[in-house]
Structure formats: structure tokens, C-alpha cells
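To start, the structure itself, in C-alpha cells.
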Amino acid sequence: MAAAWGLPLNLTTWIIAAVATLGVILRPFSWPEAIWAMLGAALLVVLGLMPWQVALEGVAKGTDVYLFLVGMMLLSEIARKEGLFDWLAAHAVRAAKGSATRLFLLVYVVGTVVTVFLSNDACAVVLTPAVFAATKAAGVRQPLPYLFVCAFIANAASFVLPISNPANLVVFADHMPPLGRWLATFTLPSVLAIVATYVALRLTQNRSLKGETVATDVATPGLGLSGKVAGAGIVATGAALIGASAAGIELGLPTFAAGLATTLVVLLINRGGLVEVVKDVSWSVLPLVAGLFVLVEALEKTGVLGMLADLLKRAAQGDPAATAWAGGAIVAFGSNLVNNLPAGLLAGAAVQAAHVPETIAGAILIGVDLGPNLSVTGSLATILWLTAIRREGEDVSAWAFLKLGLLVMPPALVLALAALILV
């Protein structure tokens, strides 16, 4: 059927993938992102550009990611319903002592900790509702500056540890460095990225923060047994992720098991509530991710992976330092065109096939992790964040996020790459 268009099969596949990705970014007709990703995947199969068996293989490759997301979304939803976020929010507002800038810094520090030990997706899913609750409790008129923190720190702090971003495990795959070497390689780049992102956010949001008032007399709601169980479940999940990472186990199943176990215990304590929890989970994220995996699988079948690996290998042999700079920058900006999850899959496979030095692999990982701070669809974490703030009645257009991302992301990327390559 593609031949009727007068286009080569590979070019047709690339065009469909590009249009589908553009649909995810721009959301024409206000259709959800998942619809555009699934439409692109379905069109590839209908036009005979991709056998349905291969499409299913692409969907199956995302199994670990689906399990991870379901586990995190269950944890977030049960914690929200049991008042854990309201309880934390009240304490955060009290700690701010009436200062909008202190509350901003407090949210940033907490966001960094959550990202490092629970992953960037958890920061978007778990922390965002808590921050919104905190701003509401504090009587803040403009919650977006604080909500922006959740989006940007989720990516900026996502290469402190291997578990800080599932994409880290994708890029290095079976060649994951030991934790000691990982910390030696990425600690300084991570610190610089986190600090640079904070400074840029603080400067860009300064006007909004200056005119803001934060309440000091905030009632602290009680936290019942089920709320404490939800909090313990989140902490236990963090411990499970660290243990799984150290053992080289994929993170999806432990996260799903922890989220499901926490939910079931809370439901037993409350003697019901399953329908309410299931109804409010953002299930649309799963078909979005599945569609993206199918699009990547289609691109891989057109020979893109082989071309990338060959280009990367030849460049690394010529000038490793320049290749690290270029690779990190290209992947950083490219992640915003196709989302960093599929970009990480392609880049990671190319890195393993080309057998490049660890510095180049590290630069590409920084690009995959930090680059998505440019656009609202750059990473799955940011898409999850967008879904979370929409549930609270807030929204950010692609253009508004891009304008902010152009100020926040490039300085952090340059400093992180410089620390990796030059130091």
C-alpha cells in the first residue's frame, strides 16, 4: 500500500513515526498523547510496513516499564487517597516558615531525594500531588513554579544512581558499571546538573516567588494507619529498587510487587475501595509507552540502528572527546523529538553494538537523562508530570514549557558533559 504513495518503505515508516511523535508533542484536537502514539503504531501495521507479530514484539519489550509504571501509579494513588500527601504538605509548609523561596528550595531538595532513590518517574507520579497539596495548604496563588520543580529535577537528578532513571539500565544494559565506578563517573556531572537546574529555575521563577505569600498557620491533618502503611510502602519500594539494582535485577517486577502489596494491605485495612483506586490511576500512560516501543521497533527494522552504530564507531575511533560532546548533545536534543525512552533504546543498542569507550557511553546517557528537560514530551517522567498536574486543574502548553526548557536545560547539559569529558 505504501508503494501507492510513491514512497520507499523506509521513508514511509520514518514519516509515520515522525508524524505520530509530533502528535504526541502537540496533541492536535486536544487528543491525549496515547492516541497519537497508538495511531502511528496501528498505521504501520495496517499499511503493511510492519508485521503485526513484530509490532507485538515491540510492545512486549516494554513489559518491564509497564510493570514499573503500574507499581508507581498504585503507590501514588493509594498514598494520595489515604492523606499521606496532605500530611507531608502541611509539614513542608510549616518548615517554609512563611517564605516562598524557602518552600521552593525545600521542594527541590525533596524532589532530588525522591528522584535519586525512587527514580525520576516516581518523582513525577508521587511528588507532584504532594507539592500541589503543599501549595494549596499554603494558600499559594501560583502553584506552577513549585510544580515545575517536580518536572525538571526528575530529569536533572536522574543519573546520580543507576536506579534514578530506568533509561540508565537501558543504555548500559549488560555492561552496567559497578556502583563505585558509576559514582566516580557521574557524581560531579550530577551535582553540577542539579545545581545549574536549580539556579536557572530559581532565576526564571523569581518574579512569581517574590509576589507570593505562604501561610504559616496550617493545620496538620492526622495520619491514620492506612496512610502510614502507604508511606512505609513507598520507603520499602525505594529499598527494593536499590537492592534490585545492586543484584542486576530489572526494576519492573519489584516495583509492581511493592505497589500491589501496599495497595492490597491498605484495602484490607479499609475493607474496600478497590474500584476507586483503579478508576483514578492514569492508565492511558501504558498505551502511550506501548505505542512508542512499536515506533522504535519499526525504526530499528529500517536499519537505523546499524547506521547509528557504524557512525558512532567510526567517530569514536577518530576523536573520542569530540564524539562524546557531539553524542551527548545530539541525543539530548534528539530525545525531545522521539521521547527519551525510545531514544535511550536506540542509543543504548548503538552504544553496545559499537563498543565505544565508557566516556562516550556516559555522555550519551547524560543526553538521554538530562536532554528531556527541554520539552514537555522529552521524557516519560515529564509526560507523567503533565498528567498529574492536569488532574489538579493545571496545564502547561508545549510552547510554554519549551521556552522555559531553553533556559534551564542547555547550561546544565554543558556543565554535566564538561565534568564527564574534561574532568
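The values are calculated or read from the model by the stated rules, or taken from the named source; none is laboratory data. None of these values were measured; they are calculated from a predicted model. In this analysis, Cβ positions are derived from the backbone assuming ideal geometry, glycine residues included, and neighbour counts consider all displayed protein chains.
Quick notes on this structure:
- Helices (runs of 4 or more DSSP H) completely within segment 1-91 that count 2 or more residues being within 30 Å of residue 234 (Cα to Cα): 33-46, 52-60, 63-81
- For segment 372-404, the set of residues classified as without any contact (Cβ under 8 Å) to a residue 60 or more places away in the chain and under 20 Å from residue 326 (Cα atoms) consists of 374 only.
- So residue 213, is it over 22 Å from residue 124 (Cα atoms), over 21 Å from the mean Cα position of the chain (by Cα) and of a type in the set (Ser, Thr, Tyr): yes
- Hits in segment 324-340 - residues which are surrounded by fewer than 24 Cβ atoms within 10 Å (Cβ to Cβ) and over 17 Å from residue 377 (Cα atoms): 325, 326, 329
- Looking across 309, 326, 298, 322, one residue alone is under 27 Å from the mean Cα position of the chain (by Cα), assigned to a helix (DSSP H, G or I), without any contact (Cβ under 8 Å) to a residue 12 or more places away in the chain and under 22 Å from residue 344 (Cα atoms). It is 326.
- Residue list for segment 105-128, filter: under 24 Å from residue 213 (Cβ atoms) and buried (at least 24 other Cβ atoms within 10 Å of the Cβ): 107, 111, 127, 128
- Taken over segment 187-226, the residue count meeting the criterion of being assigned to a helix (DSSP H, G or I) and closer than 24 Å to residue 148 by Cα is 23.
- Only one of the listed residues (200, 167) is over 30 Å from residue 237 (Cβ atoms), in contact with a Leu (Cβ under 8 Å, 6 or more places away or on another chain) and buried (at least 21 other Cβ atoms within 10 Å of the Cβ). That residue is 200.
- Being within 16 Å of the chain's Cα centre (by Cα), of a type outside the set (Phe, Trp, Tyr), modelled with pLDDT under 90 and closer than 17 Å to residue 149 by Cβ is not true of residue 344.
- Entry remark, segment 248-291: residues being within 17 Å of residue 129 (Cβ to Cβ) and modelled with pLDDT of 90 or more number 4 in total.
- Every residue from segment 224-257 that is in contact (Cβ under 8 Å) with a residue 40 or more places away in the chain, over 13 Å from residue 79 (Cβ atoms) and more than 20 Å from the chain's Cα centre (by Cα): 225, 246, 248, 257
- Residue, modelled with the highest pLDDT, within segment 172-193, restricted to residues that are over 15 Å from residue 416 (Cβ atoms) and buried (at least 16 other Cβ atoms within 10 Å of the Cβ): 177
- Filtered by the rule that a residue be surrounded by 13 or more Cβ atoms within 10 Å (Cβ to Cβ) and over 21 Å from residue 62 (Cβ atoms), segment 252-275 gives 261, 262, 263, 264, 265, 266, 267, 269, 270, 273.
- Selected residue (only one of 132, 159 is crowded, with 19+ Cβ neighbours inside 10 Å and touching a helix residue (DSSP H, G or I) at 6+ places or on another chain (Cβ under 6 Å)): 159
- Beta carbons closer than 7 Å, at least 6 apart along the sequence or on distinct chains, pair a first residue in segment 104-133 that is farther than 23 Å from residue 182 by Cβ with a second that is at pLDDT below 85 and of a type in the set (D, E, K, R) for 129/80; 133/86.
- Residues in segment 2-22 that are surrounded by 19 or more Cβ atoms within 10 Å (Cβ to Cβ) and more than 19 Å from the chain's Cα centre (by Cα) were compared, and the one that is modelled with the lowest pLDDT is 17.
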